[in-house]
């Protein structure tokens, strides 16, 4: 299992952009009520900017605790592998 640290997510979009390829990113939202907007942001990212950049985020969100786990995947590399 990877050693990861959980950070507080201040800027959701920037946090996603900083996620590294194939590395687990774990963060805690300032307010668990932001879980729905984070889920929406990830879905929109995958359909817009993610499609353009050939990046897809696989995610899991604990809505009660406001914990977000994402893995950044590169669609081009998946096809080539």
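The values are calculated or read from the model by the stated rules, or taken from the named source; none is laboratory data. Please read these numbers as outputs of a predicted model, since none were measured by experiment. All Cβ positions, even for glycine, are placed from backbone atoms using ideal geometry, and neighbour counts span all protein chains on display.
Kindly indicate whether residue 50 is in a helix (DSSP H, G or I) and in contact with a strand residue (DSSP E or B) (Cβ under 7 Å, 6 or more places away or on another chain).
It is true that residue 50 is in a helix (DSSP H, G or I) and in contact with a strand residue (DSSP E or B) (Cβ under 7 Å, 6 or more places away or on another chain).
Please enumerate the residues belonging to segment 46-62 that are touching a helix residue (DSSP H, G or I) at 6+ places or on another chain (Cβ under 6 Å) and surrounded by 15 or more Cβ atoms within 10 Å (Cβ to Cβ).
Answer for segment 46-62, where residues must be touching a helix residue (DSSP H, G or I) at 6+ places or on another chain (Cβ under 6 Å) and surrounded by 15 or more Cβ atoms within 10 Å (Cβ to Cβ): 56, 57, 59, 61.
Table: residues versus (1) modelled with pLDDT of 95 or more; (2) surrounded by 12 or more Cβ atoms within 10 Å (Cβ to Cβ); (3) under 13 Å from the mean Cα position of the chain (by Cα); (4) part of a strand (DSSP E or B).
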residue: 27; (1), (2), (3), (4): yes, yes, yes, yes
residue: 34; (1), (2), (3), (4): yes, yes, no, no
residue: 38; (1), (2), (3), (4): yes, yes, yes, no
residue: 78; (1), (2), (3), (4): no, no, no, no
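Of the residues that make up segment 68-75, is at least one assigned to a helix (DSSP H, G or I) and exposed (fewer than 11 other Cβ atoms within 10 Å of the Cβ)?
Within segment 68-75, none of the residues are assigned to a helix (DSSP H, G or I) and exposed (fewer than 11 other Cβ atoms within 10 Å of the Cβ).
In segment 1-22, which residues are part of a loop (DSSP other than H, G, I, E, B) and modelled with pLDDT of 90 or more?
10, 11, 18, 19, 20
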